[in-house]
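Take a look at the structure set out below.
The values are calculated or read from the model by the stated rules, or taken from the named source; none is laboratory data. It should be emphasised that the depicted structure is a prediction, and the values quoted were computed from it without experimental measurement. Positions of Cβ are generated from backbone atoms using ideal geometry, with glycine treated the same way; all protein chains shown enter the neighbour counts. To get the accessible areas, we keep the full protein, side chains included, count just its heavy atoms, and leave off ligands, DNA and RNA. Shrake-Rupley method; radii C 1.70, N 1.55, O 1.52, S 1.80 Å.
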Amino acid sequence: MTSLPDRAPRIEPVQNPDDEQSQILSKTLLSPDAEPLNLFKVLVNYPEMMKRVNAVGGMFMAHGSLPAREREIVILRVAWRSECDYEFAQHAPIGLRVGLSRDEIEDLGKPIDDMGWDGSDLDLVRFTDEVVEDLEVTDETWSRVSESHSQTQMIELSLLAGYYMMLAAFLRTTRVPLEEGAEGLPTQ
């Protein structure tokens, strides 16, 4: 995957939202300085889409059935695999808060055979990699992950990886800028 040399935003974040945009932005996650995230300030240029994208993301983040640590393993693996600085910058701190170590977050950027992980965490990484690479998982991977996850969680895992792939494509294509002080993917 190649990075684009010019990283200027293709769609500027809204700086002076109108009433409708302000109402929509009031229902989003905020940056540490209490401002709506740039992701949302770009998406709100299309209010109806913003509402729906935010609703699905909110489902995963606040109402999902997966343990938060597992959710963040999947999201961060997608961020690494799609080379999405913005997704990584937002989710690495969340990963730390839900129990991932800095080393584990860094490991998520390595080829699966170099990670040194095993068990159900490695199965989640394999599941994510297969969705990213092939848009489906093998029967073997499905079987291994479904041993410890309910049918509801299997649906959620499948949609979670796909949703964050979609967001990564949007973030990279529109070049949503990182928040002030946010750190993107480390160089390996």
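The helices (runs of 4 or more DSSP H) found entirely in segment 88-181 that carry 1 or more residues being in contact (Cβ under 8 Å) with a residue 40 or more places away in the chain and among the charged types (D, E, K, R) are 102-107, 119-134, 151-174.
Considering each residue of segment 66-83 in turn, none proves to be touching an Asp or Glu at 6+ places or on another chain (Cβ under 8 Å), modelled with pLDDT of 95 or more, of a type outside the set (Phe, Trp, Tyr) and farther than 16 Å from VAL125 by Cα.
Within the set VAL56, VAL74, the sole residue that is buried (at least 18 other Cβ atoms within 10 Å of the Cβ) and hydrophobic (A, V, I, L, M, F, W, C) turns out to be VAL74. Please tell me if TRP117 is under 19 Å from PRO177 (Cα atoms), hydrophobic (A, V, I, L, M, F, W, C) and open to solvent by less than 60 Å² (accessible area, probe 1.4 Å). It is false that TRP117 is under 19 Å from PRO177 (Cα atoms), hydrophobic (A, V, I, L, M, F, W, C) and open to solvent by less than 60 Å² (accessible area, probe 1.4 Å).
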